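Heads up, the thing below is written out as structure tokens.
The values are calculated or read from the model by the stated rules, or taken from the named source; none is laboratory data. What you see is a predicted model, and the numbers here were worked out from it, not measured in a lab. Positions of Cβ are backbone-derived with ideal geometry, glycine not excepted, and every protein chain shown enters the neighbour counts. For accessibility, only protein heavy atoms count, side chains too; no ligands or nucleic acids. Shrake-Rupley method; radii C 1.70, N 1.55, O 1.52, S 1.80 Å.
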Amino acid sequence: MSAQPAASLWIDGAPTEGQGAVLAVRYPYTGEVIATLLEATPAQVAQACAAAAAAQPAWAALRPVDRARVLSRAAAIIRDRAEDLARLETLDTGKPIQETRVADWPSGADALEYFAGLGPTLTGQMIPLGDDWAYTRREALGVVAAIGAWNYPSQIACWKAAPALIMGNAVVFKPSEETPLGALQLAAILAEAGLPPGLFNVVQGGGAVGAALVGDARVAKVSLTGSVPTGRRVYAAAAEGMRHVTMELGGKSPLIVFDDASLDDAVGAAMLGNFYSSGQVCSNGTRVFVQRGLHDAFLARLAERVSTIVSGDPLDERTQFGPIVSPAQAGRIRAAIAAGQAEGARLVCGGPGQGAFVPPTVLADATDAMTVATDEIFGPVMTVLAFDTEAEAIARANATIYGLAAGVFTRDLARAHRVVAALQAGTCWINAYNLTPVEMPFGATKMSGLGRENSAAAIEAYSQVKTVYVGMGAVDAPY
Ligand code: NDP
């Protein structure tokens with residue numbers, strides 16, 4: 001099986017071979033090498049930033065509809081090639097084809113379509129000041145350094161590229177070294193759709209390449225999807241150059257299930273919010289607080305339904321659950337499960353698994369202080385915690401450094417709204433979980449990050465306001 005791209009990087013509108021270290025890309029299900037890339041050297045990172053800086057002013061000077069047309073065409077190409085792209089995403093990430101067909105590139109195409117539609121509608125303000133007046137211009141930031149995680153590589157690339165490009169910026173994207181292939185496809189698709197050279201570049205490599213990109217003097221904004229420790233480092237580096245940032249980081253999100261919830265809906269949402277993409281989802285509701293009256297029935301139904309999950313070959317369309325992205329990550333997940341058991345949590349189902357597979361795992365009888373309830377695992381591990389009162393659930397849900405997402409299941413709608421108002425999270429769901437349509441803002445609070453992706457809110461993150469005061473009369477100087 002080969003997924004070898006034409007070249008490892010994409011710089012100034014053309015596939016460009018890297019000149020750095022070798023990067024072997026493996027299909028997580030078999031471990032087979034499907035592509036061999038070469039990382040970007042610091043000089044190539046600089047070359048990508050220079051190409052972006054050179055191309056950006058002319059792009060920003062276009063009419064928004066002209067930029068939008070490119071994004072719309074790119075979305076149409078993605079939809080036309082949906083099956084090939086889904087297959088490539090599965091090879092890159094190991095996620096089941098039944099997921100990559102509906103979630104990854106389709107969500108990326110949604111973003112391109114949404115921002116193509118929104119961009120041309122944006123205008124500035126006119127501010128009357130007596131005889132004088134002022135107006136505002138919403139301007140591009142310049143060069144955006146975008147850095148992705150490995151769980152949704154193509155979706156992340158599109159979610160960052162679409163708002164950045166529609167606002168007149170140029171992008172240099174660094175995918176995770178685990179999943180470097182999708183961003184190269186996006187670069188080729190955007191070029192085919194008519195994007196001029198230099199506006200979307202891809203550099204490959206690990207943290208050092210990311211750091212070189214963030215530190216390039218031409219970069220005006222950094223958008224990172226990654227873990228909290230990386231976010232702290234990247235935010236600090238960006239601050240050196242007073243760069244704008246968007247930080248989409250990790251979480252340990254609460255999903256609160258009250259006694260009156262629909263049992264099957266709550267169990268289904270908890271499974272989706274822990275086992276989709278083998279649990280490698282930032283917003284997962286990994287702390288499932290279940291009210292005492294429903295607790296035992298919830299666990300019984302959960303164990304029953306988890307036992308029916310079909311795991312196996314990600315390219316088989318019946319497969320619902322695939323491998324973890326890398327053996328190293330699978331090892332970290334296993335260590336977290338073992339630590340939870342050592343601390344006294346009860347293994348309801350799942351467990352360590354073997355090779356790249358960690359099965360859907362549920363730990364019960366957990367307490368808030370256990371590491372399985374405090375630390376992000378980024379794998380298919382659900383921790384179930386019992387609670388008695390609404391106030392208790394809110395306090396315990398908020399007792400974390402993270403603030404990415406939260407969910408509430410109840411048939412009492414007044415309670416649902418009261419509880420989400422009290423939860424410290426950027427994105428909340430009521431009687432649903434982990435749905436992130438492009439129309440709604442997605443982002444975090446507390447240590448899980450800042451800034452918003454998707455929706456009109458993302459426009460703020462990829463542009464800046466210039467104010468222009470217009471004097472209409474004589475200048476009244478006291479000197
Ligand atoms: P990491 O934080 O390890 O890496 C994220 C990206 O940053 C990678 O491309 C990585 O490169 C790069 N990087 C690492 N160090 C630096 C540095 N010093 N300067 C610049 N770039 C750097 O995250 P993972 O890839 O392991 O992804 C999992 C994490 O991402 C989880 O915490 C998850 O919650 C979070 N995430 C958040 C989302 C959100 O929207 N809030 C969505 C998806 C994931 P490389 O890995 O190639 O070395």
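Quick rundown of the values:
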| quantity | calculated |
| --- | --- |
| Per-region count, segment 119-178, residues within 15 Å of the ligand (Cβ to nearest atom) and among the basic types (K, R) | 2 |
| Residues located in segment 378-416, provided they are surrounded by fewer than 23 Cβ atoms within 10 Å (Cβ to Cβ), closer than 27 Å to R334 by Cβ and over 24 Å from the mean Cα position of the chain (by Cα) | A386, R396 |
| The lone exception for C428 - which of (1) part of a loop (DSSP other than H, G, I, E, B); (2) free of Cβ contacts under 8 Å to residues at least 60 places away in the same chain; (3) within 16 Å of the ligand (Cβ to nearest atom); (4) not small (G, A, S) it fails | (1) |
| From the options A208, A191, A217, residue that is within 14 Å of R243 (Cβ to Cβ) and either surrounded by 24 or more Cβ atoms within 10 Å (Cβ to Cβ) or out of contact with any Pro (no Cβ under 6 Å at 6 or more places or on another chain) (or both) | A217 |
| Test: residue in segment 362-374 that is under 23 Å from the mean Cα position of the chain (by Cα) and open to solvent by 20 Å² or more (accessible area, probe 1.4 Å) | yes |
| Residue satisfying all of: in segment 337-356; touching a strand residue (DSSP E or B) at 6+ places or on another chain (Cβ under 8 Å) and open to solvent by 30 Å² or more (accessible area, probe 1.4 Å); nearest to G31 (Cα to Cα) among these | G350 |
| Total residues in segment 1-30, condition over 20 Å from L85 (Cα atoms) and of a type outside the set (A, V, I, L, M) | 7 |
| Any pair with Cβ under 9 angstrom, 6 or more apart, that starts in segment 173-184 at a residue that is touching a residue at least 12 places away in the same chain (Cβ under 8 Å) and assigned to a strand (DSSP E or B) and ends at one that is within 10 Å of the ligand (Cβ to nearest atom) and among the polar types (S, T, N, Q) | K174/Q204 |
| Count of segment 220-231 residues which are in contact with a Lys or Arg (Cβ under 9 Å, 6 or more places away or on another chain) and open to solvent by less than 10 Å² (accessible area, probe 1.4 Å) | 3 |
| Members of segment 96-108 found to be under 17 Å from L184 (Cβ atoms) and of a type in the set (A, V, I, L, M, F, W, C), listed by number | W105 |
| Any chance G273 is part of a loop (DSSP other than H, G, I, E, B) and within 16 Å of the ligand (Cβ to nearest atom) | no |
| Residue in segment 320-336 that is out of contact with any His (no Cβ under 7 Å at 6 or more places or on another chain) and over 26 Å from E178 (Cβ atoms) present | no |
| Tabulated pairs, segment 301-324, first without any contact (Cβ under 8 Å) to a residue 24 or more places away in the chain, second open to solvent by 70 Å² or more (accessible area, probe 1.4 Å) and not charged (D, E, K, R), C-beta under 7 angstrom, 6+ apart or interchain | V310/Q320 |
| Segment 237-270: number of residues that are more than 16 Å from the ligand (Cβ to nearest atom) and either among the polar types (S, T, N, Q) or out of contact with any strand residue (DSSP E or B) (no Cβ under 7 Å at 6 or more places or on another chain) (or both) | 7 |
| Tally of residues being of a type in the set (F, W, Y), part of a strand (DSSP E or B) and either in contact with a Pro (Cβ under 8 Å, 6 or more places away or on another chain) or under 17 Å from V257 (Cβ atoms) (or both) across segment 440-468 | 0 |
| Selected residue [over 30 Å from M382 (Cα atoms) and not aromatic (F, W, Y)] from A261, A270, A220 | A220 |
| Residues of segment 194-203 classified as in contact with a Lys or Arg (Cβ under 7 Å, 6 or more places away or on another chain) and open to solvent by less than 20 Å² (accessible area, probe 1.4 Å), total | 1 |
| Residue match in segment 432-439 (condition: outside any loop (DSSP other than H, G, I, E, B) and among the small types (G, A, S)) | no |
| Single residue of segment 179-188 satisfying the filter (open to solvent by less than 10 Å² (accessible area, probe 1.4 Å) and either closer than 12 Å to A75 by Cα or polar (S, T, N, Q) (or both)) that is farthest from the ligand (Cβ to nearest atom) | L186 |
| So V234, is it near the ligand (Cβ under 7 Å from one of its atoms), under 26 Å from A456 (Cβ atoms), open to solvent by 10 Å² or more (accessible area, probe 1.4 Å) and within 18 Å of the chain's Cα centre (by Cα) | yes |
| Enumeration of residues in segment 243-261 that are in a loop (DSSP other than H, G, I, E, B) and open to solvent by 30 Å² or more (accessible area, probe 1.4 Å) | R243, D259, D260 |
